[in-house]
Amino acid sequence: MHQDSHHQDEILRSRVEATRVLGKAIRSIISPPPVWVQMSTAHIFGDPPELVCDEDSRFGSGFAPFVGRPWEEAFHASAIPDQRRVILRTSFVIGRDCGAGCGALGRLLPLVRFGLGGTIGTGKQGHETDMNGLFERALTDGNMQGVYIATAPNPVSQRIFMREMRRAVGMPIGLPAFGWMVRVAAPLLRTDPELALYGRYLVSRRLREMQFEFRFPDLPDALADLLAPKAATEG
């Protein structure tokens, strides 16, 4: 099997098979949990360059939607009939390293600090505090059910995202990465180039209707909080 195909198969199986295992575990216990909050991917909408997507938008095409659809189908097939089901379609999440990694920030910060945090290709974000708040709300709010886009309400382009990252760490330059560079490096990093090259603008209609309040709705404030000196000592 081609190396790219192997990595893509590994990504797909890690999502689908893990969900099925959880479903089997739920069916094996006497008192199954009344609610199942399941991660999914906001990449399921594909790569509409200008369209702002919400929960009613159509699925896209490409590898990420190819993973997202069977992942959610496995969830619905694995949940028990009377279980309240919540799906959170997330973009990448930025956070602190408290012993289990720090999400996308762990990969991006070294690049930015070495001056490589420029535009990728032709050139979203969520803060860990708000992500955890969404999980808590989904577990405790009996009215929360179905699919939600779990991203900050003010999306920005990748170009602006990297500009704000450079500003946050005090790096004045950011060398760009052309699309072919990303495609060459992706197999070495055991990831898919679409994750870096493609994107979409997402704003959740359902979170707005339920009046979910983000603590960090804007990227500059989220980065300032995560990269403040206190973040290195707290945990």
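Brief remarks on what is shown
- The stretch 68-82, residues that are assigned to a helix (DSSP H, G or I) and of a type outside the set (A, V, I, L, M, F, W, C): Gly68, Arg69, Pro70, Glu72, Glu73, His76, Ser78
- Hits in the stretch 147-200 (condition: open to solvent by less than 70 Å² (accessible area, probe 1.4 Å), more than 27 Å from Leu51 (Cα to Cα), assigned to a helix (DSSP H, G or I) and modelled with pLDDT under 80): Ala185
- Cβ-Cβ distances below 9 Å connect the following pairs, each with a first residue in the stretch 132-153 that is at positive phi, a second residue that is open to solvent by less than 10 Å² (accessible area, probe 1.4 Å) and among the aliphatic types (A, V, I, L, M), and a separation of six or more residues or different chains: Gly146/Val86; Gly146/Ile87.
- Checking Thr122 against (1) at pLDDT below 75; (2) of a type outside the set (A, V, I, L, M); (3) open to solvent by less than 50 Å² (accessible area, probe 1.4 Å), the condition it does not meet: (3)
- Residue match in the stretch 218-225 (condition: open to solvent by 70 Å² or more (accessible area, probe 1.4 Å) and at pLDDT 85 or above): yes
- Consider the stretch 40-60 and keep the residues that are aliphatic (A, V, I, L, M) and surrounded by 16 or more Cβ atoms within 10 Å (Cβ to Cβ). The one that is nearest to Ala150 (Cα to Cα) is Ala42.
- Residue list for the stretch 78-93, filter: open to solvent by 40 Å² or more (accessible area, probe 1.4 Å), farther than 23 Å from Val156 by Cα and within 22 Å of the chain's Cα centre (by Cα): Arg85
- Check on Arg96, open to solvent by 80 Å² or more (accessible area, probe 1.4 Å) and either modelled with pLDDT under 95 or over 22 Å from Ser204 (Cβ atoms) (or both): no
- In the set (1) at pLDDT below 95; (2) open to solvent by less than 40 Å² (accessible area, probe 1.4 Å), the condition left unmet by Phe75 is number (1).
- Residue match in the stretch 14-28 (condition: open to solvent by less than 20 Å² (accessible area, probe 1.4 Å) and under 21 Å from the mean Cα position of the chain (by Cα)): yes
- Residue satisfying all of: in the stretch 99-119; part of a helix (DSSP H, G or I) and surrounded by fewer than 15 Cβ atoms within 10 Å (Cβ to Cβ); modelled with the highest pLDDT among these: Arg113
- Selection status of Val35, more than 16 Å from Tyr148 (Cα to Cα) and modelled with pLDDT of 95 or more: no
The values are calculated or read from the model by the stated rules, or taken from the named source; none is laboratory data. Just so it is clear, the model here is predicted, and its values are computed rather than measured. Using ideal geometry, Cβ is built from the backbone for each residue, glycine included, and neighbour counts are taken over all protein chains shown. Accessible surface is based on the protein model in full, side chains and every heavy atom, while ligands, DNA and RNA are left aside. Shrake-Rupley method; radii C 1.70, N 1.55, O 1.52, S 1.80 Å.
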